[in-house]
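Below is one structure; the comments refer to it alone.
The values are calculated or read from the model by the stated rules, or taken from the named source; none is laboratory data. These numbers were taken from a predicted model, which means no experiment stands behind them. Ideal geometry is used to build each Cβ from the backbone, glycine not excepted, and the neighbour counts take in all protein chains shown. Side chains included, ligands, DNA and RNA excluded: accessible areas come from the protein's heavy atoms. Shrake-Rupley method; radii C 1.70, N 1.55, O 1.52, S 1.80 Å.
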Amino acid sequence: MTVAIQKLNGLWHLIVGSCEIRTPFLATQDRELVVTYARRAYPGAKIFQRD
């Protein structure tokens, strides 16, 4: 499974397949917080940042 992390409308979003999941983190917050959040929600997934 792959999870993409993307900034959209001032928030970080996780994109899993065709689903876009809004996270509780603002785009101004550190990317590492979002990666940690994604690893807890989707253990074993490959995580990458999408522009």
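Please report the orientation-averaged projected area of the chain, defined via the convex hull of its C-alpha atoms, in nm².
On the way: hull surface 12.7 nm².
If I average the Cα hull's projected area over directions, I get 3.2 nm².
What does the helix-only formula give at 222 nm for the chain: each DSSP H stretch with n ≥ 4 adding -39500 (n - 2.57), the total divided by the residues, and the result rounded to the nearest 500 deg cm²/dmol? Could the numbers behind the result be given before it?
Working: 1 runs with 11 residues, N = 51.
It lands at -6500 deg cm²/dmol.
Give me the one-decimal nm value for the distance between modelled label points at TYR37 and ILE15, 7 Å along each residue's Cα-to-Cβ direction.
So the two model labels end up 1.7 nm from each other.
How much solvent-accessible surface does THR2 expose, in Å² to the nearest 10, with a 1.4 Å probe and all protein chains in place?
Its heavy atoms expose roughly 70 Å² to the probe.
Using unit Cβ charges (K, R positive; D, E negative) and no other charged atoms, how large, in debye to the nearest 20, is the dipole of the chain about its Cα centre?
Details: 7 positive and 4 negative charges, 21 e Å.
I would put it at about 100 debye.
What whole-number value in Å² describes the accessible area per residue of the chain for a 1.4 Å probe? Display every interim value, and only then the final one.
Working: 3560 Å² over 51 residues.
Dividing the accessible area of the chain by its residue count gives 70 Å².
Working from Cα positions, state the angle (0 to 90°, nearest 10) between the long axis of helix 31-41 and the longest principal axis of the chain.
40
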